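Below: one structure, written as structure tokens.
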Amino acid sequence: MEQSRKHFLKNMFIGAASVPMILSACKKETVATTGSGSGSSSGSGTGGATCTAAPEETGGPFPTITPSSLVRTDIRDDRTGVPFTIKITIQNTNNSCAALAGAIVDIWHCDKDGYYSEYGGTGMQSVNYTAVHFLRGRQTTDANGLVSFTSIFPGWYSGRATHIHVHVYNAAGTSLKITQIAFPEASASAVVLVNTTATGYTKGMSGYTYNANDNVFSDDTAGVEIAAIEGSVSGGYTLTQIIKVAA
Amino acid sequence: MKKRIVRFCYRKIIDASSEKAWDKLVFESSYKEFLMQSQFYNQEKKYNGFAELLISVPASEKLHFLVSASVIGYLQQLKGIVPDVPDNLGKHFMKFNNFRFEIINSDIKDSSAHKVAINFFSDPMTWHDTLDNYLLVSAGDGEKTEDGLLTHLLQLQPLLSIYSLKEEDES
């Protein structure tokens with residue numbers, strides 16, 4: 001199967017290579033193949049179908065190397081909610097839990113209504129590129145092993161306690177740890193106050209899955225995955241958490 | 001007569017043989033991002049190819065979306081103009097705000113297997129007529145001048161399709 005596919009592709013490239021000769025026969029300066037994508041599309045040798053106008057314009061755009069759009073401090077995009085600062089410190093268990101500088105930290109969490117950014121709908125549904133990765137971010141730890149993100153306090157969805165996903169990589173991008181941060185949930189906790197009193201958070205706490213019943217956090221009886229959270233609904237909250245990795 | 005409003009889709013394919021500077025940057029960035037993000041679904045490193053990962057770990061289907069973050073910056077550099085699809089005067093005229101990124105194939109051990117597509121969805125255009133294998137179109141409703149509506153001739157070509165069609169009564 002794979003072999004025949006390779007053969008097929010190979011033939012297509014031979015077909016594509018013959019296109020410039022057909023085109024040169026057109027004796028028209030402004031013809032060319034239709035960009036880099038055509039190598040895998042044309043091979044029928046009909047010529048006319050690929051004989052299209054080439055760009056005749058002032059040069060540009062001039063592409064420059066751009067980091068992933070995940071690399072940012074403010075991960076809100078168009079999402080609204082209670083202001084929330086996330087401070088995560090990465091420590092290295094292979095170095096007496098000293099701060100790990102230069103580690104890459106990805107985080108992602110749901111919005112106030114419990115939704116993640118993702119492709120929705122059917123296979124080819126289009127998305128606007130300006131706000132597609134809301135509440136997802138990436139930072140590199142500083143000399144103190146710290147990364148900070150500006151976000152909104154996450155809501156919750158059925159079956160899960162409030163949480164933040166974290167993926168820690170070394171500087172080369174190799175995965176060191178995939179984990180989640182849990183939230184305190186006592187009566188005056190941020191989770192309770194935000195969900196029952198903050199504007200826009202409409203779910204309350206009815207039907208909420210507490211940490212003890214959460215399928216990810218229920219085994220964390222010592223509470224090491226539960227972050228410290230300070231602040232208020234009006235002034236916003238700050239989360240701090242230490243995550244230990246073996247680097 | 002009904003007025004036909006269409007949105008085009010140009011499916012730009014980028015692989016190891018792509019030669020343009022922009023295409024190469026997209027290739028390299030998206031492969032690096034794939035290597036990073038796929039580790040979430042492949043924690044035991046059991047799978048090398050994207051196809052086998054998809055079959056074994058269905059949730060890895062999200063990698064299309066997740067890896068798309070690596071190309072957003074490059075989309076912004078296009079300033080809203082669809083690449084590679086000029087009108088018959090050789091000018092790029094098609095505008096886009098929407099896209100969809102796909103991983104066609106990849107392999108954590110072999111960058112040459114990495115192949116992606118960016119689907120550019122044009123902003124709505126009016127399709128007036130068809131001349132041979134050219135479509136006579138206007139951006140949006142068309143700019144009205146003393147000579148009538150301004151138009152572009154767009155040649156049918158591989159990897160370019162009409163994504164959606166809406167018919168409206170002429171006003």
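Just so you know, all these numbers are worked out from the coordinates, no wet-lab data involved. Computed from a predicted model, the values in this text were never measured in an experiment. Glycine gets a Cβ as well: all are built from the backbone with ideal geometry, and neighbour counts include every protein chain shown.
If you line up the long axis of helix B:21-37 against the longest principal axis of chain B, both from Cα atoms, how many degrees apart are they, to the nearest 10?
40 degrees
Straight-line reach from A:Lys112: which aspartates and glutamates fall under 18 Å, measuring Cα to Cα and dropping same-chain residues less than 8 apart?
Correct list for A:Lys112: A:Asp74, A:Asp77, A:Asp78, A:Glu185.
Where the only charges are on Cβ atoms (+1 Lys, Arg; -1 Asp, Glu), what is the dipole of chain B about its Cα centre, to the nearest 20 debye?
In total the dipole reaches around 540 debye.
Considering just Cα atoms, how many Å³ per residue does the convex hull of chain B enclose?
Spelled out: Cα convex hull of chain B, divided by residues, is 135 Å³.
Only sites in a loop by DSSP and with at most 14 other Cβ atoms within 10 Å count here; which trypsin sites (Lys or Arg not before Pro) in region B:99-136 make the cut?
Sparse-neighbourhood loop trypsin sites (Lys or Arg not before Pro): B:Lys109.
How about region B:113-171: which GluC sites (Glu not before Pro) there are in a DSSP loop, with at most 13 other Cβ atoms within 10 Å of their Cβ? Display every interim value, and only then the final one.
Numbers: sites: B:Glu143, B:Glu146, B:Glu167, B:Glu168, B:Glu170; in loops: B:Glu143, B:Glu146, B:Glu170.
Counting only loop positions with at most 13 other Cβ atoms within 10 Å, the GluC sites (Glu not before Pro) in region B:113-171 are B:Glu143, B:Glu146, B:Glu170.
Which value results for Rg/Rh of region A:87-150 when Rg is the Cα radius of gyration and Rh the Kirkwood radius based on the inverse mean 1/r?
A ratio of 1.16.
Can you give the translational diffusion coefficient of region A:173-243 in µm²/s, computed by Stokes-Einstein from the Kirkwood radius over Cα pairs at 37 °C and 0.692 mPa s?
Details: Rh = 13.6 Å.
Roughly 241 µm²/s, to the nearest whole number.
Using only alpha carbon pairs under 8 Å that are at least six residues apart, calculate the relative contact order of chain B and give it in whole percent.
Reported as a whole number, the value is 35 percent.
Grab the beta carbon distance between A:Val216 and B:Leu136, set R0 = 56 Å, and tell me the FRET efficiency rounded to 0.05. Show your work: numbers first, answer last.
On the way: r = 57 Å, r/R0 = 1.02.
Rounded to the nearest 0.05, the efficiency is 0.45.
Determine by what factor the alpha-carbon radius of gyration of region A:83-245 differs from 2.2 N^0.38 Å, reporting the quotient.
That works out to 1.07 for region A:83-245.
Need the C-alpha centroid separation for region A:55-94 versus region B:99-171, integer Å.
29 Å
Find how many whole Å separate the alpha carbon centroid of region A:216-247 from the alpha carbon centroid of region B:1-60.
Distance between centres, Cα-based: 34 Å.
Which of the trypsin sites (Lys or Arg not before Pro) found in region B:27-77 are loop residues per DSSP with 10 or fewer other Cβ atoms within 10 Å of their Cβ?
Numbers: sites: B:Lys32, B:Lys45, B:Lys46, B:Lys62; in loops: B:Lys45, B:Lys46.
Passing both the DSSP loop test and the Cβ count: B:Lys46.
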